[in-house]
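Input: a single structure, listed below in structure tokens.
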Amino acid sequence: MPLASLYAPFNHPDWIFELKYDGFRALAHIDSGYCRLVSRRGAAYRSFPKLCAAIGAAIQGQAVVDGEIVHLDAEGKPQFYELMRRRAPQHYYAFDLLWLDGSDLRDIRLIERKRLLRELVRPPVLYADHFDAREVIHGPSVANWLAA
């Protein structure tokens, strides 16, 4: 889902919130040890062969995962300009599992897909955690959540 500009804060108990990682959005098509990364416009990312090989080795079976290709600095913060220069190491932050071993999961609630995704991923694939609005409004601040 593309980012949207809104004019007022929003909240809904059915929604979750995720950090925006500063990288390249990509679908990872994984099949028996092989991975192909595809942009939102359907173009294959050909300049990440090592990352593709590592993702294919990390996720068993067949899957389609939605996520973001990132370059992380020593503190674990995304560095977009380093990614543009294709500097290593690259990682893949996964935030949704759309398909797994022959099953289309898009009709399953997002929170359940994220639970399955958390069990599936291994480095260099990183799980993009989430929080809900209640945590932002009533719980620890987002800054505290990020520091944890």
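The values are calculated or read from the model by the stated rules, or taken from the named source; none is laboratory data. Quick caveat, the model's predicted, so the values are computed rather than measured. Cβ atoms come from the backbone with ideal geometry, glycine included; neighbour counts cover every protein chain shown.
Here V65, V142, V136 are screened, and the one residue that is modelled with pLDDT of 90 or more and either closer than 24 Å to D22 by Cα or of a type in the set (A, V, I, L, M) (or both) is V65. When the stretch 3-34 is filtered for residues that are modelled with pLDDT of 70 or more, of a type in the set (S, T, Y) and either in a strand (DSSP E or B) or more than 30 Å from G61 (Cα to Cα) (or both), the ones remaining, listed by number, are S5, Y34.
The sole residue among L100, L83 that is buried (at least 19 other Cβ atoms within 10 Å of the Cβ) and more than 18 Å from P124 (Cα to Cα) is L100. Taking the stated definitions as given, is R46 touching a strand residue (DSSP E or B) at 6+ places or on another chain (Cβ under 6 Å), outside any helix (DSSP H, G or I) and basic (K, R)? It is false that R46 is touching a strand residue (DSSP E or B) at 6+ places or on another chain (Cβ under 6 Å), outside any helix (DSSP H, G or I) and basic (K, R).
L37 meets all of the listed conditions (1) exposed (fewer than 12 other Cβ atoms within 10 Å of the Cβ); (2) modelled with pLDDT of 95 or more but one, namely (1).
Among the numbered conditions (1) assigned to a loop (DSSP other than H, G, I, E, B); (2) under 12 Å from I30 (Cα atoms), the only one that D107 does not meet is (2).
Picking from G56, G67, which residue would you name as being touching a residue at least 24 places away in the same chain (Cβ under 8 Å), surrounded by 12 or more Cβ atoms within 10 Å (Cβ to Cβ) and assigned to a strand (DSSP E or B)? Exactly one residue qualifies, and that residue is G67.
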